Amino acid sequence: MLPPGKIPPEILERTVLKFLGAKRRDVIFGPSKGEDAAIVSDGCKLLALHGDPISGASEKIGWIAMNIATNDIATRGVKPRWALSCIMLPPGSNERRLKKICREMSAAAKRLGVSIVGGHSEVTPGLDHPLVIVFSMGVLEDDRYVTCSGAKPGSHIILTKSVGIEGTVILASDRGAVLASKFGEEFVERVGKYIDMLSILKEAMIAFEYGGVQAMHDPTEGGISNGLHEIADASKTGFKVYENAIAISHETLEVCRFFEINPLNLISSGSLLIVAEQSKALGIIEQLGGKGITAAIIGEVVEDEEQRIIVRKDASIEPLSRPLSDELWTALQKDVG
């Protein structure tokens, strides 16, 4: 039986990636393990394309869906321009629920400079919560783009903001009452503002335009741990990261302690992993800081594919395991009421 959430990479390779339809010369960069978005040609321009579902959230799902899908376009160094949406509602939903989702998507799209150009909406038998899928597109400038497969040994790994942002937002929204009973309403309201940090478009474009970026990745399901593995998978490298350099906000840490989950394995949209040349890494961090975006070097890329390790705060060294499933699913399934 498959675990909840994203399909494990070994199954993805032997099943999903074996069935990709016709081979076309206008597909410049197609799907592969660890990659975020496809690059295709329309004969004149190169386009970045990506689609993503939001299945673990009920509240604020429209805002989350638009930001998450466009994030993967941004990791290519491309500004998203257009989006299509598929809204699937559970039986018993009313027009007010549909309008709320559409309003959230529209507000997020306006903030990102994205036009919603089509899609589909329906009530779907068998669902018990909304499912929203967004497909996003952007046009490459000067045919330049970044992939996850460009990371080179010796390069620095930069993390923006902090880990577990999306997971913290979802848990504060969907488990707000139980969190308020533990930490108070003010805590939940403060965490709710994390939703404004879900986009990584700004930092991705700043880093890309500064130069020296070899790879960028939006760590979604499986959190920062899985994100690091996905870069290593795509680049055929390893990594060494330092626990004391990985930022975890106070609120995220408290939420994770409450649900007894690992923040490094919690869905982390809103964070951006940047692999940069050593000579450029500090400059990128300085540029980001100038725009109010916190970032830090958390480790380096290593040549040995088998060496995927974390140096703990007590200086002990251990493998950083790839999570079997995102910690969000564990938290949502817990009876903590």
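No value in this document is a laboratory result; all are computed from the given coordinates. It should be emphasised that the depicted structure is a prediction, and the values quoted were computed from it without experimental measurement. Don't worry about glycine lacking a Cβ; one is built from the backbone with ideal geometry, like all the others, and counts go over all protein chains shown.
Helices in the chain, meaning DSSP H runs of at least 4 residues, each add -39500 (n - 2.57). Divided by all residues, the mean residue ellipticity at 222 nm is -10500 deg cm²/dmol. Proximity of backbone amide H atoms, modeled 1.01 Å from N, is registered between Thr147 and Met216 at under 5 Å, excluding neighbours fewer than 5 places apart on the same chain.
Taking every Cα-Cα distance in region 3-146 and sorting them into 5 Å bins from zero, the calculated P(r) comes out as 2, 9, 17, 19, 18, 16, 11, 6, 2, 0 percent. Given +1 at the Cβ of Lys and Arg, -1 at the Cβ of Asp and Glu and no other charges, the dipole of region 105-200 around its Cα centre is 280 debye to the nearest 20.
Region 162-178 and region 248-292 have Cα centres lying 16 Å from one another. For region 23-139, what proportion of DSSP beta bridges, expressed in % and rounded to the nearest 5, is antiparallel? Approximately 75 percent, going by the DSSP bridge assignments. Relative to the Cα centre, the charge distribution of region 26-114, modelled as +1 at Lys and Arg Cβ and -1 at Asp and Glu Cβ, gives a dipole magnitude of about 480 debye. Of Ala65, Ile224, Ile87, which is farthest on the positive side of the dipole of the chain, counting Cα position, with +1 on Lys and Arg Cβ, -1 on Asp and Glu Cβ, and the Cα centre as origin? Most positive-ward Cα: Ile87. Extent along the principal axes, Cα only, for region 98-229: 46, 39, 28 Å, with the longest axis given first. For the chain, a crude dipole built from +1 on the beta carbon of Lys and Arg and -1 on the beta carbon of Asp and Glu, taken about the Cα centre, is about 780 debye to the nearest 20.
For Asn244 and Asn94, the FRET efficiency from 1/(1 + (r/R0)^6), where r spans their Cβ atoms and R0 equals 51 Å, is about 0.55.
Scaling the Cα radius of gyration of region 148-333 by the globular reference 2.2 N^0.38 Å produces a ratio of 1.01. In units of the rule-of-thumb radius 2.2 N^0.38 Å, the chain shows an alpha carbon radius of gyration of 0.96. Here region 193-244 is treated as an ellipsoid with the same Cα gyration tensor; its semi-axes, largest first and in whole Å, are 20, 17, 10. Across the options Cys256, Ser316, Phe19, the greatest Cα extent toward the positive end of the charge dipole of the chain (unit charges at beta carbon of Lys, Arg, Asp, Glu) belongs to Phe19. Average projection, convex hull of the Cα set of region 225-265: 3.2 square nanometres.
Shown is the FRET efficiency for Arg111 and Ala180, computed with R0 = 30 Å from the Cβ-Cβ distance and rounded to the nearest 0.05: 0.65.
Projecting the Cα atoms of Cys102, Ile54, Ser41 onto the charge dipole of region 23-139, computed from C-beta unit charges around the Cα centre, puts Ser41 farthest toward the positive end.
Of all DSSP-defined beta bridges confined to the chain, some 75% are antiparallel rather than parallel.
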